[in-house]
Amino acid sequence: MADTPDSKLVIIAAGGTGGHMFPARAFADEMRARGWNTALISDSRGLKYAADFPADWKEEIEAASPNFRKPWTVPGAALKINAGIARARRLMKQHLPALVAGFGGYPAFPALAAARRLGVPIIIHEQNAVLGRVNRQFAKHARLVASGFERLDRLPPGSAHMPIGNPVRAPILEAGKVPYPPTDETLNIFVTGGSQGSRIIGEVVPLAIANHIPAPLRVRLKVVQQVREEQYEIVSNIYRNAGVACELSAFFRDMPERLAASHLVIARSGAGTVSELAAVGRPSILIPLAIAMDDHQAANAEALTEVGAADMILEANVTPKLLGELISARLSDGPDLAARAAAAKSAARPDAALKLAEMAERIAEL
């Protein structure tokens, strides 16, 4: 491999969910604005979120998540991983990147492994408050481990860590300029379960609103809710019978506008969701995913609960009655909602993509 690349190229390796791909895209936008070429390596799942990813080229490679509880699946996973590493290595020898930036998820593993073997500088960005398994494996070999939150659990000793925030998309930053809406008429609740949707949120929130919010408050509500397709009819009927205006969809492509229009957001606490709530400045009720690795969603939520911008209800404790009473308490106090919105904004890191790009350039020049 040549010692000096012919052009400035950063290969971005990111996993198969929006939580990995959206900050990777924000970083790519910033790098391209600085004159860099960008490329994306992911698997088939990740590329579903990358139709308009700003990259000179994109490559689908094989990746797998070994399940050691089912040892008979491990050999097949190992074959896929090794094939992915070999493909990533060929791509790096062909394109001569100055840098590889990993954003987590198992699809990032082959590219990071190939970069390590070829001596290409690595930087890592961890979106969550707990270092993920793939990022954990490469943290000691990375020139930089940047993180979305001040807290970063499971970081190996000696790693070069810098908390910078989570890069968010430009439309989210624009939505952050929209003032918090007045609370004297219609009250907008935005309910989202993240890029994958959430069964429990789809079940509990409609019952909480329909059965445990006083009628004078309930008639003022407009609910915009992400629901799984199989839940659509049930949820629609609950709201219609309760006289609650609603708009339902399996996925909202105009998230920035939806967040900006909301008075209260009910959501999971994935890193992207928490960071976007802060960037836009909206109060929230967060229900962390109970099966999230190392309980990282509860750790993420603390970034907003600790500043008084959010309430957190653990999944094991959430009931329609508890949630309905909390929604009622929050929406009945307009000044408190506005204060919570301001507290959320105080936790924002709008320059995260800029900081990560600056550090990436410095590292590439070493």
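Figures for the structure shown
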read-out: Residue count for the range 311-352, restricted to those that are outside any loop (DSSP other than H, G, I, E, B), within 19 Å of Val178 (Cα to Cα) and of a type outside the set (Asp, Glu); value: 12
read-out: Among residues of the range 116-133, those that are over 14 Å from Ala101 (Cα atoms) and over 15 Å from the mean Cα position of the chain (by Cα), counted; value: 3
read-out: Subset of the range 292-314 [open to solvent by 50 Å² or more (accessible area, probe 1.4 Å) and either under 16 Å from Ala208 (Cα atoms) or free of Cβ contacts under 8 Å to residues at least 60 places away in the same chain (or both)]; value: Glu306, Val307, Met312, Leu314
read-out: Which numbered condition Leu289 fails, given (1) touching a residue at least 60 places away in the same chain (Cβ under 8 Å); (2) assigned to a loop (DSSP other than H, G, I, E, B); (3) within 24 Å of Ala175 (Cα to Cα); value: (3)
read-out: Residue within the range 79-92 that is modelled with pLDDT under 95, crowded, with 17+ Cβ neighbours inside 10 Å, assigned to a helix (DSSP H, G or I) and under 24 Å from the mean Cα position of the chain (by Cα) present; value: no
read-out: Cβ pairs under 6 Å, 6+ apart, first in the range 103-118 and under 9 Å from Val134 (Cα atoms), second surrounded by fewer than 24 Cβ atoms within 10 Å (Cβ to Cβ) and among the polar types (S, T, N, Q); value: Tyr106/Ser65
read-out: Residues satisfying the stated conditions in the range 211-258, i.e. of a type in the set (Gly, Ala, Ser) and within 25 Å of Thr273 (Cα to Cα); value: Ser236, Ala245, Ser249, Ala250
read-out: Pairs with Cβ under 6 Å, 6+ apart, first in the range 348-365 and within 14 Å of Ile123 (Cα to Cα), second open to solvent by 20 Å² or more (accessible area, probe 1.4 Å) and in a helix (DSSP H, G or I); value: Ala353/Glu30; Ala357/Glu30
read-out: Thr17 vs. criteria β-branched (Val, Ile, Thr) and open to solvent by 10 Å² or more (accessible area, probe 1.4 Å); value: yes
read-out: Leading residue by the ranking (nearest to Val178 (Cα to Cα)) among those in the range 220-233 that are open to solvent by 50 Å² or more (accessible area, probe 1.4 Å) and in contact with a strand residue (DSSP E or B) (Cβ under 8 Å, 6 or more places away or on another chain); value: Lys222
read-out: Counted residues, the range 93-119 - those being assigned to a loop (DSSP other than H, G, I, E, B), open to solvent by less than 10 Å² (accessible area, probe 1.4 Å) and touching a helix residue (DSSP H, G or I) at 6+ places or on another chain (Cβ under 7 Å); value: 2
read-out: Filter result (closer than 15 Å to Val265 by Cβ and either assigned to a strand (DSSP E or B) or over 19 Å from the mean Cα position of the chain (by Cα) (or both)) within the range 183-199; value: Thr183, Leu187, Asn188, Ile189, Phe190, Val191, Thr192
read-out: Selected residue (only one of Leu217, Leu173 is surrounded by fewer than 20 Cβ atoms within 10 Å (Cβ to Cβ), assigned to a helix (DSSP H, G or I) and in contact with a strand residue (DSSP E or B) (Cβ under 9 Å, 6 or more places away or on another chain)); value: Leu217
read-out: Filtered residues of the range 20-65 (kept if part of a loop (DSSP other than H, G, I, E, B), open to solvent by 50 Å² or more (accessible area, probe 1.4 Å) and touching a residue at least 60 places away in the same chain (Cβ under 8 Å)); value: Arg34, Tyr49
read-out: Any hit, the range 129-147, residues being under 19 Å from Thr273 (Cα atoms) and either of a type outside the set (A, V, I, L, M) or open to solvent by 20 Å² or more (accessible area, probe 1.4 Å) (or both); value: yes
read-out: Those residues of the range 14-49 which are of a type outside the set (S, T, N, Q), more than 19 Å from Gly270 (Cβ to Cβ) and at pLDDT 95 or above, in sequence order; value: Ala28, Asp29, Glu30, Met31, Arg32, Ala33, Arg34, Gly35, Trp36, Ala39, Leu40, Ile41
read-out: Of all residues in the range 234-267 being open to solvent by less than 20 Å² (accessible area, probe 1.4 Å), part of a loop (DSSP other than H, G, I, E, B) and modelled with pLDDT of 95 or more, the one that is farthest from Ala175 (Cα to Cα); value: Val244
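Yes/no per residue for (1) surrounded by fewer than 18 Cβ atoms within 10 Å (Cβ to Cβ); (2) free of Cβ contacts under 8 Å to residues at least 24 places away in the same chain; (3) in a helix (DSSP H, G or I); (4) acidic (Asp, Glu):
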| site | (1), (2), (3), (4) |
| --- | --- |
| Pro157 | yes, yes, no, no |
| Pro181 | no, no, no, no |
| Ile201 | no, no, yes, no |
| Val205 | no, no, yes, no |
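The values are calculated or read from the model by the stated rules, or taken from the named source; none is laboratory data. What you see is a predicted model, and the numbers here were worked out from it, not measured in a lab. Neighbour counts are summed over all protein chains in view; Cβ atoms, including those assigned to glycine, are modelled from backbone coordinates with ideal geometry. Each accessible area value is taken on the protein alone, full model and side chains, heavy atoms only, with ligands, DNA and RNA left out. Shrake-Rupley method; radii C 1.70, N 1.55, O 1.52, S 1.80 Å.
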